[in-house]
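Engineer: There's a structure below that I have some questions on.
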Amino acid sequence: MRHIQGDGISPWGSPEGGHQQCLGVVISLPPALSAEIDAWRRDFGGPDALVIPPHITLVSGNATSEWEPAAAHVRSVAAASAPFTVRLRGTGSFRPVSPVVFLNVVSGAEDCAKLHHELQSGPLAHDQEFPYHPHVTIAHDLPEADMNRAAEQLSGFDDEFTVESIGLFDHDEAGNWSLSEELRLGSDDPQG
C-alpha cells in the first residue's frame, strides 16, 4: 500500500486534530496463496517484502475527511457489492515510471475497478496521480537485475481465488498498518 500507480496512501486528519491517520482498502489473498507469493517476494527482497503482505489495493485515503465517515462509506460499498473471482496470471511492470513488477489481474480486474470507483467517491473522493490498475506487487524498488528475475521467474504464474471480503486498514503513528475491519461483500456484518 504505497504511492505506486494508484497504490498510494496519504494522511488523514484525526478527529482530535492530533497525529495523522491513513486509510487503505485492500483485497487480501487467501492464506496459502499469500504465503506462496510472500515467499517469492522475500526471495527477491526489497523494502516492503517483510512488512506488507501481498494484496490488491482498491483505494487509498487521499482525501480530507475524518475516519468514521470514510469507514462508514467503505462499509456501505462492501455491503452493496457481490463476491467475485480474481485470476492472477503472468507478470507486468510499471517500469520505467515506477520500479514495480507485479502479477497481472486477468479476471476480476473489472470488479476491482468497479469497487475502486465506488470507494473513491464521497468521503474518499480524490484526484489520482495514475490511473487505477489492479495488481499484486511482487518486487519493488530493487536493482534492475532483481526486477528482471522477478518478472521472469513468475511469468508462468497462474492462480485464482474468490474475493468474499475487503479489508479496511489504518496506519498508526509508529508506521504500522493494522486491519481495522474485514468487510464481507454483500453483507452488513463485518467478518471481524
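Rule-based calculations on the coordinates, nothing more; no lab input. This is a predicted model, so every value here is computed, not measured. Every residue, glycine as well, gets a Cβ built from its backbone with ideal geometry; the counts of neighbours run over all protein chains shown.
Engineer: Per residue of region 90-97, in order, report the coupling 6.51 cos²θ - 1.76 cosθ + 1.60 (Karplus, θ = phi - 60°) as ³J(HN,Hα) in whole Hz, putting x for Gly and Pro.
Structural biologist: Running phi through 6.51 cos²θ - 1.76 cosθ + 1.60 with θ = phi - 60° gives x, 10, x, 8, 9, 5, x, 5 Hz.
Engineer: Still on this structure, I have one more. Report the residues of region 80-117 in range of a label on ASP188: point 7 Å along Cα→C-beta, backbone N strictly under 18 Å from it.
Structural biologist: 80-82
Engineer: Next up: So between SER107 and SER155, what do we pick up on full extension, going 0.36 nm a residue minus the alpha carbon distance?
Structural biologist: Net length gain for the segment: 15.6 nm.
Engineer: Whose amide H sits under 5 Å from the amide H of VAL59, counting only residues 5 or more places off or on another chain, with H placed in the peptide plane?
Structural biologist: Hits under the 5 Å cutoff: VAL25.
Engineer: Counting only residues 5 or more places away or on other chains, whose amide H sits under 5 Å from the amide H of GLU66 once H atoms are built in the peptide plane?
Structural biologist: none
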